[in-house]
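Have a look at the structure below before the remarks.
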Amino acid sequence: MSARTGEPPLRMSPAVPLRLGLTRGWIAFRGMITSREGIMQNLIWNLVPLAVLILNRNSALPGLDVSVSASLLPGLLALGIVFSVMGTGYYLTSEREDGTLLRAKALPHGMTAYVVGLATVAVLDTVASLLVVLLPGMFIAPGVPVGSALLWLGVLGYLLLGLLACLPLGILVGSLVQSPRTIGGLGFFGTMGLAVLSGLFFPVQALWGWVQVLVQALPLYWLAIGMRSVFLPAEAAALEVGGSWRTPLGIVVLLVWAAVGLALGPVLLRRMARRESGSAVEARRQQAMQRT
Amino acid sequence: MTAVGDPERTSAFGPPSTSAITHGDDAVISVTGLRMRYGPKDVLQGLDFTVQAGEVLALLGPNGAGKSTTIEILEGFRLPSAGIVQVLGADPATAGERWRAEIGVVLQSWRDHANWRVREVLAHFGSFYLPYARPGRPRPFDLDELLALVRLDGQAGQRVGSLSGGQRRRLDVAIGIVGRPQLLFLDEPTAGFDPQARREFHELVHRLADVDGTTILLTTHDLAEAEKLADRILILAGGRIVADGSAEALAREVAGRTEVRWSRGGERFVHATDDATGFVRRLLTEPGEEVGDLEVRRATLEDTYMEIVRRQEIAQQTAAEEAR
């Protein structure tokens with residue numbers, strides 16, 4: 001290849017596309033949070049969980065010395081992680097629609113950098129939305145062990161596990177779904193529904209057996225229970241299935257999801273990238289125009 | 001591959017005349033027997049052509065003729081059904097990142113990178129080419145120079161989403177050339193340009209071709225644009241190349257004749273000829289009344305194009321009727 005230049009083959013360090021991707025992610029994230037829509041979205045989305053915490057701060061869990069809002073905070077953090085990741089799926093489909101992905105394909109090492117950039121945005125976005133809820137939430141919800149190093153280590157650990165388990169899934173969904181509006185609509189209500197069923201707001205034992213089995217196969221349940229195990233005193237585990245946090249099992253389930261996503265991800269992304277072309281983007285643009 | 005004896009191609013205006021250009025070492029693009037099939041429909045039915053280094057080639061043709069498909073195959077964005085395609089010495093379907101670094105693609109943007117600032121986009125896209133810079137081949141483009149070239153120096157700090165349509169298209173061009181590619185693809189580059197933007201864009205293309213020696217392949221609907229920009233024009237119709245040559249060569253070959261109009265003794269005359277100069281010389285030296293209102297009108301590319309597409313449609317109809 002490139003016989004015409006007669007130069008020796010170029011040895012490119014894999015760090016180059018990685019660095020380009022990180023830069024891309026940072027610029028995209030900065031552009032997003034400083035845009036008017038970005039600010040509005042962040043305000044609205046994070047006021048809702050904070051309002052939930054404020055409304056529940058004076059009631060306590062039955063038979064326990066734990067406030068309801070302290071018991072909700074970990075679930076809201078888990079939900080925040082899942083929502084941010086779903087947002088990543090949304091970016092991917094909408095950037096496929098608007099031609100961002102095709103632009104990446106036209107650059108040397110562009111696709112690698114694009115995916116790294118997408119993951120970078122997701123991580124930054126998740127961390128930002130986690131902090132926006134967590135920092136005020138700690139002071140709203142009584143009884144959060146703010147001074148404990150274990151709490152912070154646990155939050156960091158589950159944040160990483162949650163990202164590993166869910167981020168590849170979000171990108172997978174984004175690469176499979178055709179229209180960003182599908183994720184915006186179905187994805188949003190689906191995730192809210194799943195959150196209700198996954199014991200984020202009340203114990204799952206109140207639900208039918210098959211629903212319990214289903215939600216325990218998915219990462220959100222385990223992310224939420226893991227977060228609760230970090231925030232709540234040991235006796236609160238009595239409310240969980242089997243009266244225990246089941247920490248080892250939770251970690252295994254989350255790691256299995258991470259493995260599935262990381263194994264399938266590259267295959268599906270390559271398939272998706274292969275299909276990108278100017279006329280594919282043009283066709284999607286025509287479709288999107290008709291809808292509006 | 002389509003045989004040379006193919007009726008549409010040999011009749012009237014002969015085989016693609018400039019295929020006299022051989023597949024020499026200078027060929028930046030060489031295509032042999034390129035076919036593309038979507039389900040039962042043959043979009044490309046055996047294309048053969050080459051593009052030389054430094055050449056500006058325009059692909060013309062009615063909608064659905066296969067222009068975009070062809071360009072997407074050459075860009076490596078689409079796999080052909082059959083045929084041999086070589087672009088900068090490699091098959092676009094399997095060529096690697098280093099090849100990609102030599103190719104510039106001007107894409108039609110829509111609302112991508114809306115939150116990015118103009119300068120950020122160009123700096124970021126340019127940085128992908130930095131590892132491919134060589135002594136004597138600085139890459140990417142100097143940002144200030146590039147911004148001035150596409151007249152976006154005043155918008156460098158603006159968000160892309162706030163640009164006007166014309167400014168956005170100029171940004172598209174800037175993104176396409178930021179890596180100083182050897183070969184540049186432009187698919188309908190001036191669609192939606194106002195006349196001033198169009199003229200500026202034409203100057204830019206001339207500059208890239210003349211100063212930087214960039215090989216350029218563009219598709220367009222605008223015949224005047226093709227005539228102005230391209231060294232050579234390929235006309236695609238019904239998935240085949242139906243004409244190949246410079247605008248003048250095509251005009252000569254197809255519409256063939258130059259029209260001479262004049263008046264004599266109050267009467268008006270029209271005559272079509274291949275040799276307008278000779279005809280006019282004879283006309284003026286003929287004895288008799290004075291010749292007035294002399295007008296020599298060469299066939300325009302538009303005449304040529306219309307004629308070629310008309311012939312192609314007739315040929316297709318005939319073929320369809322024979323098949324029945």
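The values are calculated or read from the model by the stated rules, or taken from the named source; none is laboratory data. Keep in mind it's a predicted model, so treat the numbers as computed, not measured. When we count neighbours, we look across all protein chains shown, and the Cβ atoms used for this are built from the backbone with ideal geometry, even at glycine. SASA here: full protein model, heavy atoms, side chains in, ligands and nucleic acids out. Shrake-Rupley method; radii C 1.70, N 1.55, O 1.52, S 1.80 Å.
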Problem - Most positive-pole-ward Cα, A:Gly243, A:Gly278, B:Thr285, against dipole of the protein assembly as shown from beta carbon charges - result: A:Gly243
Problem - For the protein assembly as shown, size of Cβ-based charge dipole, Lys and Arg +1, Asp and Glu -1, in debye - result: 2020
Practice task
Quick one: grab the alpha carbon gyration tensor of the range B:32-71, order the square roots of its eigenvalues as a ≥ b ≥ c, and give me rounded if a/c is under 1.5, else prolate or oblate depending on whether a/b is larger than b/c.
Solution key: oblate
Exercise for the section: Using the Karplus curve 6.51 cos²θ - 1.76 cosθ + 1.60 with θ = phi - 60°, work out ³J(HN,Hα) for each residue of the range B:220-233 in order, rounded to whole Hz, and write x for Gly and Pro. Expected result: 7, 9, 8, 5, 4, 5, 4, 5, 6, 8, 8, 6, 8, 10
Handout entry: the range B:50-143: C-alpha gyration tensor shape, a/c 1.5 cut-off, then a/b vs b/c
Key = oblate
Problem - Using a Förster distance of 25 Å, the FRET efficiency for B:Ala323-A:Ser279 (Cβ separation, nearest 0.05) - result: 0.30
Fill in the blank from the handout: To the nearest 10 degrees, the tilt of helix A:149-176 (Cα long axis) against the first principal axis of the alpha carbons of chain A is 50
Practice task
Obtain the radius of gyration and the Kirkwood radius of the protein assembly as shown from its C-alpha atoms and give Rg over Rh.
Solution key: 1.12
Problem - In sequence order, calculated HN-Hα J values of the range B:88-99 (Karplus, 6.51, -1.76, 1.60; Hz; x Gly/Pro) - result: 6, x, 9, 7, x, 5, 10, 5, x, 5, 5, 5
Problem - Estimated FRET transfer efficiency (B:Ala224, A:Leu153; beta-carbon r; R0 56 Å; 0.05) - result: 0.20
Exercise for the section: Using 0.36 nm per residue of separation minus the Cα-Cα distance, give me the extension gain between A:Met12 and A:Phe202 in nm, one decimal. Expected result: 63.1 nm
Problem - Phi to ³J(HN,Hα) by Karplus 6.51 cos²θ - 1.76 cosθ + 1.60 over the range A:49-56, Hz, x for Gly, Pro - result: x, 5, 4, 4, 5, 4, 5, 9
Exercise for the section: Towards the positive end of the charge dipole of chain A, with charges on Cβ (+1 Lys, Arg; -1 Asp, Glu), say which of A:Leu160, A:Pro108, A:Met227 has the farthest Cα. Expected result: A:Pro108
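By how many nm would the segment from A:Val267 to A:Arg19 grow when fully extended, if each residue of separation counts as 0.36 nm and the alpha-carbon distance is taken off?
On the way: separation 248, 0.36 × 248 = 89.28 nm, distance 2.24 nm.
Answer, rounded to one decimal: 87.0 nm.
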Practice task
Could you tell me how many degrees, from 0 to 90 and to the nearest 10, lie between the Cα long axis of helix A:188-197 and the main elongation axis, the longest principal axis, of the Cα atoms of chain A?
Solution key: 30
Exercise for the section: On a C-alpha basis, how far is the centre of the range A:261-292 from the centre of the range B:32-94 in Å? Whole number, if you could? Expected result: 22
Practice task
Counting only C-alpha contacts under 8 Å and six or more residues apart, can you give the relative contact order of the range A:15-279 as a whole percent?
Solution key: 27
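Below 8 Å, C-alpha to C-alpha, sequence gap of six or more: please give me the relative contact order for the range B:255-323 in percent. Display every interim value, and only then the final one.
On the way: 72 pairs, mean separation 24.7, N = 69.
It rounds to 36 percent for the range B:255-323.
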Practice task
Mind pulling the angle between the C-alpha long axis of helix B:118-127 and the longest principal axis of chain B? Nearest 10 degrees, somewhere in 0 to 90.
Solution key: 80
Exercise for the section: May I ask you to derive the FRET efficiency for B:Asp274 and B:Arg207 from their Cβ-Cβ distance with R0 = 51 Å, giving the value to the nearest 0.05? Expected result: 0.90
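How long is the gain from B:Val291 to B:Ser164 if the chain were fully straight, where each residue apart is worth 0.36 nm and the alpha carbon distance is subtracted?
Details: separation 127, 0.36 × 127 = 45.72 nm, distance 5.38 nm.
My answer for the length gained is 40.3 nm.
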Practice task
May I ask you to rank A:Lys105, B:Lys41 by accessible area, largest first, using a 1.4 Å probe over the protein chains only?
Solution key: B:Lys41, A:Lys105
